[in-house]
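Please treat every number below as a calculation from the coordinates, not as lab data. Just so it is clear, the model here is predicted, and its values are computed rather than measured. Note: ideal-geometry Cβ built from the backbone for every residue, glycine included; neighbour counts use all protein chains shown.
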Amino acid sequence: MLRAVSNRGGQTTASMEVYDDRRVPSSEGPRQAGLVLLYAPGYRKLPPAYPIAKHEIVLGREPPADVLIPQPAVSRSHAKIIQDHHGFTIRDLGARNGSLVNGVFIEHCRLKEGDDIRVGDAFFKFVEQDAQSYAAYRIDGAVIQKGAYATPSGMVGGFQMARIASDLERIARSAISVIILGESGTGKEVFAKQVHEWSGRQGSFCAVNCAAIPPNLLESELFGYRRGAFSGADRDHVGLVRAADQGTLFLDEVGDMPLEAQAKLLRVLQTKEVLPLGSTQPYTVDVRIVCATHQDL
């Protein structure tokens, strides 16, 4: 979560808060799988990567957890990753906040290369080979090569704003949804565009101001409709969610979105499918959601 505010001197600042048969893998070698830390509160004090050096590891808040994440939102023993002859499986250990893989709550599921894992307020990427190098060259290295705390183009701000940009760049390469909190004029859409640019996604960046569209029209604009779905629907309309497929959908002032539309948007995030009005056939989408609001949600 990104919070952008203006101080008394007019300078923009920001802060970030942010869902068998076994074999023992080798503890050495460049092909070792592991978890790469994308973001967690105080992540600069945590290891950048956690190689999986035995047939199972536990993620939790306190020892004897193998992946130690000392954050209140993380349970003492939160989740477990198990390796067998078929690959890797993650299992939730009854954590009070649950465990998410690619934005979906799970009890257990198979992991594949590039999966995003959320444990409390900590976000990881699962990689099957050389987690340490992945973290050094594709996460931390991307920031180091550009220089510490590089500010996004079009953004004027102080050290704090640049530091948040550095944090956002770390998670931009994942599928993690982002919400930006801030007053009007603090550059929320600029940051949303930067997340899209840093992500490397090939689709479009589509933006909509939820407060500017009448509630009775918002759903049709977001999810699309079929011809004849309602009076005046004389042709098919794909909607913004499908228009942003393989790209990023920016929902400005999402706090003004009607609750019914919020529920449908949540379903899109969970199922990766969108159902246009008047249609019985859902469409699969791969869209990154970035939201912004001036309200304290």
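Overview of results
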quantity: Kirkwood Rh and Cα Rg combined as Rg/Rh, the stretch 159-293; calculated: 0.99
quantity: Cross-link reach list, lysines versus residue 125, counting only Cα pairs under 16 Å and skipping chain neighbours closer than eight places; calculated: 80, 112
quantity: Among 96-108, 114-126, 71-83, the order from most to least packed when residues are scored by Cβ within 10 Å on average; calculated: 114-126, 71-83, 96-108
quantity: P(r) of the stretch 65-123 over all Cα-Cα pairs, binned every 10 Å from zero, in whole percent; calculated: 24, 58, 18, 1
quantity: Burial order of peptide ranges 186-198, 52-64 (average beta-carbon count within 10 Å, highest first); calculated: 186-198, 52-64
quantity: Lysines with Cα under 26 Å of residue 264, excluding same-chain neighbours fewer than 8 positions away; calculated: 188, 193, 272
quantity: Pair residue 246, residue 105: separation of 7 Å Cα→Cβ label points (nm); calculated: 3.3 nm
